[in-house]
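Here, each number is a calculation from the coordinates, and none is a lab measurement. The shown structure was predicted, so the numbers you read here are calculated from the model rather than taken from an experiment. Reconstructed Cβ throughout: ideal geometry from the backbone, glycine too, with neighbour counts over all protein chains shown.
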Amino acid sequence: MSASNQCRRCLLQEMTDENDYYQSVVRYRAALPAKKRTPDAAYAARLAFCKACDALNAGTCMQCGCYVEMRAARLDMHCPKEGQW
């Protein structure tokens with residue numbers, strides 16, 4: 001996808017042009033200590049919520065500016081929309 005044709009509701013893992021960014025997410029999540037890493041099922045649930053959220057824009061949360069896959073990876077992080085995850 002070109003910059004003018006970005007997928008608004010996509011995660012980095014789904015954007016082929018952004019694979020270097022997604023590989024950073026994979027390395028970041030793998031480097032997190034187990035006690036700080038969101039378990040796989042919870043991580044998938046968090047990302048599913050983000051995919052359905054109107055604040056997602058090309059892998060970035062427009063509420064806080066984070067890459068949602070990085071924020072969701074940490075057990076101690078929360079969605080900026082109160083009470084979502």
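Kirkwood analysis of the Cα pair distances in the stretch 11-73 returns a hydrodynamic radius of 11.9 Å. Database remark: amide H of residue 37 closer than 5 angstrom to the amide H of 75 (H placed geometrically; neighbours at sequence offset of 5 or more, or on other chains; Pro and chain starts carry no H).
In this structure the amide hydrogen of residue 58, modeled in the peptide plane, comes within under 5 Å of the amide hydrogens of 8, 9, 10, none closer than 5 places in sequence on its chain.
Whole-Hz Karplus values for the stretch 69-76 come out as 5, 6, 4, 5, 5, 8, 4, 8 Hz, taken residue by residue from phi with 6.51 cos²θ - 1.76 cosθ + 1.60 and θ = phi - 60°; glycine and proline positions read x.
Expressed in nm to one decimal, what extension gain is obtained for the pair residue 15 and residue 40 from 0.36 nm per residue of sequence separation less their Cα-Cα distance?
Using 0.36 nm per residue and subtracting the Cα-Cα distance, I get 6.9 nm.
Report summary: the helix-based calculation at 222 nm, which adds -39500 (n - 2.57) for every DSSP H run with n ≥ 4 and divides by the residues of the chain, gives -11500 deg cm²/dmol. Listed peptides 25-31, 73-79 appear in the order 73-79, 25-31 once ranked by packing, highest mean of other Cβ atoms within 10 Å at the front.
Given +1 at the Cβ of Lys and Arg, -1 at the Cβ of Asp and Glu and no other charges, the dipole of the chain around its Cα centre is 320 debye to the nearest 20.
Against the chain, whose longest principal axis is taken from its Cα atoms, helix 19-31 shows a tilt of about 0°.
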